[in-house]
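Enquirer: Below is one structure. I have some questions about it.
The values are calculated or read from the model by the stated rules, or taken from the named source; none is laboratory data. Note that the structure is predicted; figures quoted are calculated from it, not measured. Note: ideal-geometry Cβ built from the backbone for every residue, glycine included; neighbour counts use all protein chains shown. To get the accessible areas, we keep the full protein, side chains included, count just its heavy atoms, and leave off ligands, DNA and RNA. Shrake-Rupley method; radii C 1.70, N 1.55, O 1.52, S 1.80 Å.
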Amino acid sequence: MNKLSIESINAKTPYQVKFKQETSSYLFTSENIDYAVDFTSDDLVQTDKAYQFVIANLNNKKSPRDKFVKETVIAIIEEFFKKNNSTILILYSTDDNKQSARCRLFEHWFETFSNKSLFIMKTSSVIDEYGIENIASIILRKDNPKQQELLEEFDFSINMFRNKP
């Protein structure tokens with residue numbers, strides 16, 4: 001993955017973002033919560049380079065509705081796609097059974113994103129053998145030459161998990 005420009009991100013964000021070399025994380029602090037944003041290589045889709053996108057609340061505190069967190073996260077994602085014509089995969093955490101709420105929040109963020117017309121976001125879910133709903137999203141640029149193959153591979157992977165023996 002090409003390193004993101006902290007200067008470009010910070011020109012658009014209300015919260016100051018820093019890059020932590022040791023963990024390859026993009027860090028910022030809201031009013032009282034420290035966040036880390038990571039892009040980790042992922043092999044759910046093989047057609048093209050894909051990265052799992054993670055937002056971590058480092059303090060494990062309840063996150064208040066904060067539009068500045070949304071603006072900061074969107075600026076980081078925008079810079080990712082400016083530097084990389086790769087795919088982002090999001091697997092919403094099931095730790096506290098709030099994966100549906102996380103997904104709805106992120107989809108809302110995406111819907112209010114001013115440049116959303118440049119991207120495709122698709123979300124699917126799978127109920128695992130324990131009855132837990134696992135939700136995943138894929139985001140890619142519309143000008144990605146492998147767009148169709150990536151979306152088909154995402155659907156194939158989701159269906160494979162749905163139809164596991």
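Enquirer: Of all strands (runs of 3 or more DSSP E) completely enclosed by the stretch 12-116, which ones contain at least 1 residues that are aromatic (F, W, Y) and surrounded by fewer than 17 Cβ atoms within 10 Å (Cβ to Cβ)?
Expert: 18-20
Enquirer: Can you find a residue that is of a type in the set (F, W, Y), under 14 Å from the mean Cα position of the chain (by Cα) and farther than 27 Å from F154 by Cα anywhere in the stretch 46-69?
Expert: no
Enquirer: Quick check on N159: is it open to solvent by less than 50 Å² (accessible area, probe 1.4 Å) and farther than 21 Å from Y35 by Cα?
Expert: It is false that N159 is open to solvent by less than 50 Å² (accessible area, probe 1.4 Å) and farther than 21 Å from Y35 by Cα.
Enquirer: Same structure, new question: Filter the stretch 117-126 for residues that are in contact (Cβ under 8 Å) with a residue 24 or more places away in the chain, of a type outside the set (G, A, S) and assigned to a strand (DSSP E or B) and give the result.
Expert: Across the stretch 117-126, the qualifying residues are F119, I120, K122, V126.
Enquirer: Something else now. Determine whether S93 is within 12 Å of the chain's Cα centre (by Cα), on the phi < 0 side of the Ramachandran plot and at pLDDT below 90.
Expert: In short, yes.
Enquirer: Here's another thing I want to ask about it. Working only within the stretch 117-149, note down all residues that are closer than 21 Å to I76 by Cβ, surrounded by 14 or more Cβ atoms within 10 Å (Cβ to Cβ) and not β-branched (V, I, T).
Expert: Within the stretch 117-149, F119, M121, K122, A136, S137, L140, R141, N144 qualify.
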